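Novice: Pasting a structure below so you can have a look.
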Amino acid sequence: MQLFNSLTRKKEELTLPKTGKVGMYTCGPTVYSTATIGNFRTYILSDLLARSLRYLGSEVKHVMNLTDVGHLTGDNEGDADTGEDRLVKAAKTTGKNAWDIAREYASEFMMHMESINIQKPDVVCKATDHIKEQIELILKLEARGYTYKISDGIYFDTIAYEKMGNVYGQLSTLGEIKEGARVEVNTEKKNARDFALWKFSPLGERRQMEWESPWGMGYPGWHIECSAMSMKYLGERFLLHVGGEDLRSTHHPNEIAQSEGATGKKPFVKMWVHGAFLLVDGGRMGKSLGNAYTVETIKTRGFDPLALRYFYMTGHYRKQINFTWEALTASASALDKLRRVYFEAGHSRDSLSPEKMGKIENYLQSFRDALADDLDMPRALAVVWEVVKSNIPGRDKQDLLASMDQVLGLDLAFWSPAVTTVTEEVTELLKKREEARAVKDFKLAEIEDTNGVSRIVGKKS
Ligand code: AMP
Ligand code: ZN
């Protein structure tokens, strides 16, 4: 299989281990709010990658973390270590405890993963369950002289690291790691690129999440958890690391520096795979823009979550994909057609000729080739549609599609025409709208239109 490696900036053949499993780590969500369909684009990428590797004959050990402490609001804006812990902030605004918030959103995330058929990673690990491992890793960095202390915590010293012959920030797209690109610069840091390994609890204040450490009461910096947990479960060197493109210039270079700095072994990860972002209506998605759609939004608007899964596969993972309700509707209708073809194919009585047998092998090969070519899902889907249109006998068509569905994850075999994709909630909304219309309450009818009900009516009739 060939994959684009962000580290070398080219497509490379994956050198699969002769024995044992392919180690693969995905940077998981920060569990302070509901994951968006943007976040899930990245998790679909790891799911498709793990499924494809398995389909092509490898054994995979997939590890995903859940960030439940230490990810600060400033971390994604260029400068690590500024702002407030996202979980603490969510606790303050909701009046809940940070631990409860983490539990609540972690379990919701697992539920949403299941509803879009993302196979559960072999290990799902939380930062707060691995404080000991993170402290041990920081101690190793300290012993090698790669840390220093300032008033709010222990920091990684990128200059000291480079003086030992290492290169910091190889993964970054140039410019982003320069000081000027940072939103806010901590003047106590020796260098703007340095980042927190351990942060102290504020003086005289008790945090809901805090731990004793050799440096005092506090909590881990955001990046150290991924180094500690990936190496714990996959070893000091492993093959694949997946994340969204926003992690490429700060979080991942920091992971490399921490891991290679602590073990002295290079490379920590052989291949870095970054997924491009999902846009909504051509722009950024965000809570303030009212378009931070979630799997729940998709369901509430009457769509089967697997239509969203289909939609993700219509774009190559290295290109941005634009989510619109129209595009989702098109994916839902393609999925519906595929399911019907699959279902009906089971009733066919055609027989298999040697010529058709050859076709089956070719389709299978083209499908595998598409996966092996940097996970080209749009091309793989095109092969699926060739199969749909082909004259191969129904039962064989069904078998072939079932085989491909091991990667697609569309649950083709579980569908029958009796299954309805319209949820109870949507039926209820429809009823309310009709009632509103009946009493000429146009205002109410209009409000519910903007909630997407009109689209569902269109779909049904
Ligand atoms: P976070 O919960 O902010 O830590 O993000 C979790 C993951 O979702 C990271 O790998 C991000 O890169 C990814 N992510 C966030 N927004 C998007 C988006 N719009 N499209 C694709 N991936 C995203
Ligand atoms: Zn990470």
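The values are calculated or read from the model by the stated rules, or taken from the named source; none is laboratory data. Remember, it's a predicted structure, so these values are computed and weren't measured experimentally. Neighbour counts run over all protein chains shown; Cβ positions are idealised from the backbone, glycine included. Side chains included, ligands, DNA and RNA excluded: accessible areas come from the protein's heavy atoms. Shrake-Rupley method; radii C 1.70, N 1.55, O 1.52, S 1.80 Å.
Novice: Which condition number does P202 fail, the rest of (1) away from ligand 2 (no atom under 16 Å from the Cβ); (2) open to solvent by 20 Å² or more (accessible area, probe 1.4 Å); (3) within 28 Å of the chain's Cα centre (by Cα) being met?
Specialist: With (1) away from ligand 2 (no atom under 16 Å from the Cβ); (2) open to solvent by 20 Å² or more (accessible area, probe 1.4 Å); (3) within 28 Å of the chain's Cα centre (by Cα) applied to P202, the lone miss is (3).
Novice: When you scan segment 16-53, how many residues do you find that are outside any helix (DSSP H, G or I) and within 14 Å of ligand 2 (Cβ to nearest atom)?
Specialist: Looking only at that region, the number is 8.
Novice: Given the condition within 16 Å of ligand 2 (Cβ to nearest atom) and either within 30 Å of K266 (Cα to Cα) or not assigned by TED's automatic domain parsing to the domain that holds G290 (or both), answer yes or no: does some residue in segment 93-100 qualify?
Specialist: So far as segment 93-100 goes, no, none of its residues is within 16 Å of ligand 2 (Cβ to nearest atom) and either within 30 Å of K266 (Cα to Cα) or not assigned by TED's automatic domain parsing to the domain that holds G290 (or both).
Novice: I would also like to ask the following. Before we move on, is M285 among the hydrophobic types (A, V, I, L, M, F, W, C) and in a loop (DSSP other than H, G, I, E, B)? Give the derivation first.
Specialist: Working: among the hydrophobic types (A, V, I, L, M, F, W, C): yes; in a loop (DSSP other than H, G, I, E, B): yes.
Here the answer is yes, as M285 does meet what is asked.
Novice: May I pose another question? From the list T297, T314, which one is more than 30 Å from Q170 (Cβ to Cβ), out of contact with any Ser or Thr (no Cβ under 8 Å at 6 or more places or on another chain) and not charged (D, E, K, R)? So that I can check it myself, show each step before the final result.
Specialist: Values: T314 fails: out of contact with any Ser or Thr (no Cβ under 8 Å at 6 or more places or on another chain).
Residue meeting the stated conditions: T297.
Novice: Scan segment 183-242 for residues that are free of Cβ contacts under 8 Å to residues at least 60 places away in the same chain and in contact with a Lys or Arg (Cβ under 6 Å, 6 or more places away or on another chain) and jot them down.
Specialist: Correct list: S201, E236, R237.
Novice: For a quick check of your reading of the model, give me the residue pairs whose first member lies in segment 48-59 and is of a type in the set (F, W, Y), whose second is open to solvent by 50 Å² or more (accessible area, probe 1.4 Å), with beta-carbon atoms closer than 8 Å and at least 6 apart or on different chains.
Specialist: Partner pairs satisfying both residue conditions: Y55/R368; Y55/Q406.
Novice: Kindly establish whether E255 is surrounded by fewer than 20 Cβ atoms within 10 Å (Cβ to Cβ) and over 24 Å from D376 (Cα atoms). I'd like the intermediate steps shown before the answer.
Specialist: Numbers: surrounded by fewer than 20 Cβ atoms within 10 Å (Cβ to Cβ): no; over 24 Å from D376 (Cα atoms): yes.
It is false that E255 is surrounded by fewer than 20 Cβ atoms within 10 Å (Cβ to Cβ) and over 24 Å from D376 (Cα atoms).
Novice: Follow-up question, since we're still on this one. Given the criteria in contact with a Phe, Trp or Tyr (Cβ under 9 Å, 6 or more places away or on another chain), surrounded by fewer than 16 Cβ atoms within 10 Å (Cβ to Cβ) and of a type in the set (G, A, S), does A330 qualify? First the steps, then the outcome.
Specialist: Numbers: in contact with a Phe, Trp or Tyr (Cβ under 9 Å, 6 or more places away or on another chain): yes; surrounded by fewer than 16 Cβ atoms within 10 Å (Cβ to Cβ): yes; of a type in the set (G, A, S): yes.
Yes, satisfied.
Novice: Moving to a separate point now. How many of the residues in segment 25-58 are more than 14 Å from ligand 1 (Cβ to nearest atom), touching a strand residue (DSSP E or B) at 6+ places or on another chain (Cβ under 7 Å) and open to solvent by 10 Å² or more (accessible area, probe 1.4 Å)? Break it down stepwise before answering.
Specialist: Of all residues in segment 25-58, those more than 14 Å from ligand 1 (Cβ to nearest atom) come to 50-58.
Still in the list and also touching a strand residue (DSSP E or B) at 6+ places or on another chain (Cβ under 7 Å): 50, 53-54, 58.
Then keep just the ones that are open to solvent by 10 Å² or more (accessible area, probe 1.4 Å); that gives 54, 58.
Count: 2.
Novice: For L48, are the conditions met, namely being out of contact with any Ser or Thr (no Cβ under 9 Å at 6 or more places or on another chain) and outside the structural domain of Y233 (by TED's automatic domain parsing)? Working first, answer last.
Specialist: On the way: out of contact with any Ser or Thr (no Cβ under 9 Å at 6 or more places or on another chain): yes; outside the structural domain of Y233 (by TED's automatic domain parsing): no.
Taking the combined requirement at face value, the residue does not satisfy it.
Novice: How many residues does segment 105-136 hold that are assigned to a helix (DSSP H, G or I) and touching a residue at least 24 places away in the same chain (Cβ under 8 Å)? It would help to see each step written out before you state the result.
Specialist: Taking segment 105-136 first, the residues assigned to a helix (DSSP H, G or I) are 105-115, 127-136.
This time we only want the ones that are touching a residue at least 24 places away in the same chain (Cβ under 8 Å), so: 105-106, 108-109, 112-113, 115, 127-128, 130-131, 133-136.
Going through segment 105-136 one residue at a time, the tally reaches 15.
Novice: Go through segment 289-298 and give me each residue that's open to solvent by 20 Å² or more (accessible area, probe 1.4 Å) and in contact with a helix residue (DSSP H, G or I) (Cβ under 6 Å, 6 or more places away or on another chain).
Specialist: Of everything in segment 289-298, just one residue is open to solvent by 20 Å² or more (accessible area, probe 1.4 Å) and in contact with a helix residue (DSSP H, G or I) (Cβ under 6 Å, 6 or more places away or on another chain), namely Y293.
Novice: Take segment 270-283 and flag every residue that is within 17 Å of the chain's Cα centre (by Cα) and either at pLDDT below 95 or buried (at least 20 other Cβ atoms within 10 Å of the Cβ) (or both). Walk me through it before giving the result.
Specialist: Step one: list which residues in segment 270-283 are within 17 Å of the chain's Cα centre (by Cα), which gives 271-280.
Correct list: M271, W272, V273, H274, G275, L278, V280.
Novice: Which of the helices (runs of 4 or more DSSP H) contained wholly in segment 325-412 include at least 2 residues that are without any contact (Cβ under 8 Å) to a residue 12 or more places away in the chain and over 20 Å from A307 (Cα atoms)? Even if it seems obvious, please write down each step before you answer.
Specialist: On the way: elements: 325-345, 354-372, 377-389, 394-408.
The helices (runs of 4 or more DSSP H) meeting that bar are 354-372.
Novice: Only residues that are open to solvent by 10 Å² or more (accessible area, probe 1.4 Å) and within 16 Å of ligand 1 (Cβ to nearest atom): list them for segment 213-248, please.
Specialist: Once the filter is applied, which keeps residues that are open to solvent by 10 Å² or more (accessible area, probe 1.4 Å) and within 16 Å of ligand 1 (Cβ to nearest atom), segment 213-248 yields W222, E245, D246, L247, R248.
Novice: Something else: For segment 71-88, state whether one or more residues are free of Cβ contacts under 8 Å to residues at least 60 places away in the same chain, within 28 Å of W198 (Cβ to Cβ) and away from ligand 1 (no atom under 12 Å from the Cβ).
Specialist: Filtering segment 71-88 for residues free of Cβ contacts under 8 Å to residues at least 60 places away in the same chain gives 73, 83-84, 86.
Of the ones still in play, those that are also within 28 Å of W198 (Cβ to Cβ) are 73, 83-84, 86.
Filter again for away from ligand 1 (no atom under 12 Å from the Cβ), leaving 83-84.
Yes, there is a match, as at least one residue in segment 71-88 is free of Cβ contacts under 8 Å to residues at least 60 places away in the same chain, within 28 Å of W198 (Cβ to Cβ) and away from ligand 1 (no atom under 12 Å from the Cβ).
Novice: Further question on the same structure: Does I135 meet the test of being open to solvent by less than 20 Å² (accessible area, probe 1.4 Å), modelled with pLDDT of 85 or more and β-branched (V, I, T)?
Specialist: Answer is no for this residue.
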